[in-house]
Amino acid sequence: MDTGAPTRRELPQSPYLAAVAGRKPSRIPVWFMRQAGRSLPEYRALRERHSMLAACFEPEVACEITLQPTRRYEVDAAILFSDIVVPLRAAGVDLDIVADVGPVIADPVRTAGDIDSLKPLDPQAIAPVFEAVSLLVGALGEVPLIGFAGAPFTLASYLVEGGPSRHHARTKAMMLSEPQSWHDLMTKLTDLTIAALRGQIGAGVDAIQLFDSWAGTLSLADYRQHVQPYSARVFGALADSGVPMTHFGVGTAELLGAMSEAVQRGGGAAAVGVDWRTTLTDAAARVEAGTAVQGNLDPVVLMAGWPAVERAARSVVDDGRRAVDAGAAGYVFNLGHGVLPETDPGVLAELVCLVHSL
């Protein structure tokens, strides 16, 4: 498959692409992280016949799951249904995605020998993902498609810890005490992430988002020294793609400036996702000039009843407008993290209508 920069499809009416590029959108764009998934009954019905990993590697299934929320909600972007550990699996890492746990690694990576044994990603190993992208580009019409990958640090944390972790103790220990091993691991994971994203871009995604879910466990100094250079290399390697790029992490208030520096290496439209702990106005003051902001309704609010949802959403939209006034290049409405499984899809549908009406 050709993983070079393709001719981009033109979506001049897209509010999402306008906002992240710093142009004035026709309405406040809205999409939700994890908008496809366990909150949708049609997703749960489909998953009765397909495991999580199997669904990621079956193009028609991944396409259908990606489309499900676009049918229910008038969201302004779709995000590819996949998982950040799919490239690891395709590169030969023995792992599974366990229900109510997350990715579990059979043989954690903890020695120089373990790191040496990690294989580079052959893009053909995730060809089904790229095929799903191609199917979606044809099915979505004027709705842009966001591709994504896990950032090197978050992938490293899963590999070293063996699965989700609260304190990331083993990961930080390697980072701080074994600098050469850490560099070797992060270099391999950076190359893997670049290959995965280049393939998605080559297949036709209209934008990308890099998830550094666990970067918020780091101090700013450690992030700048041990993590930012690798994330920046991901964005820099894709600078010729012409697609907007977003960088997102949880609990990253103190890192937003450094994260925006990394995504700006992409050389084009850049955005930073903001979780609910930080105001968008404050985020706008922290990020580099020319960076859009995305966020940041607390996902738990969606289960507090419609009056609470409406109050909080209006407040977030007002904050987003202030962020733009304060210098952010644009604003995209989203949650501060992913949709929770218990969320009522009807509330999400009402929320989309509300944001668009504002």
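Among what's in segment 112-138 and is within 24 Å of residue 208 (Cα to Cα) and of a type in the set (Asp, Glu), pick the residue that is modelled with the highest pLDDT.
Residue satisfying both the conditions and the ranking: 131.
Restricting to segment 300-324, what's the tally of residues that are within 16 Å of residue 27 (Cα to Cα) and acidic (Asp, Glu)?
2
How many residues are over 20 Å from residue 211 (Cβ atoms) and in contact with a Leu (Cβ under 7 Å, 6 or more places away or on another chain) when one looks only at segment 139-161?
Result for segment 139-161: 2.
Among what's in segment 276-299 and is under 19 Å from the mean Cα position of the chain (by Cα) and of a type in the set (A, V, I, L, M), pick the residue that is farthest from residue 354 (Cα to Cα). Please lay out each step first, then the result.
Taking segment 276-299 and keeping what is under 19 Å from the mean Cα position of the chain (by Cα), we get 276-278, 280, 283, 287, 291-299.
Those still in the list that are of a type in the set (A, V, I, L, M) too: 280, 283, 287, 292-293, 297.
Values: 280: 19, 283: 24, 287: 28, 292: 21, 293: 19, 297: 13 Å.
Looking at the filtered set, the residue picked out is 287.
Right, residue 165: in contact with a helix residue (DSSP H, G or I) (Cβ under 7 Å, 6 or more places away or on another chain), surrounded by fewer than 18 Cβ atoms within 10 Å (Cβ to Cβ) and either more than 16 Å from residue 102 (Cβ to Cβ) or of a type in the set (S, T, N, Q) (or both) or not?
When the stated conditions are applied, residue 165 passes them.
I'd like the full set of residues that are under 20 Å from the mean Cα position of the chain (by Cα) and among the β-branched types (Val, Ile, Thr), limited to segment 68-97.
Scanning segment 68-97 gives 70, 75, 79, 84, 85, 86, 97.
Which residue, of 61, 101, is hydrophobic (A, V, I, L, M, F, W, C) and in contact with a Gly (Cβ under 7 Å, 6 or more places away or on another chain)? Walk me through it before giving the result.
Working: 61 fails: in contact with a Gly (Cβ under 7 Å, 6 or more places away or on another chain).
The match here is 101.
The values are calculated or read from the model by the stated rules, or taken from the named source; none is laboratory data. What you see is a predicted model; the values in this text were computed from it and never measured. Every residue, glycine among them, receives a Cβ derived from its backbone with ideal geometry; neighbour counts consider all protein chains shown.
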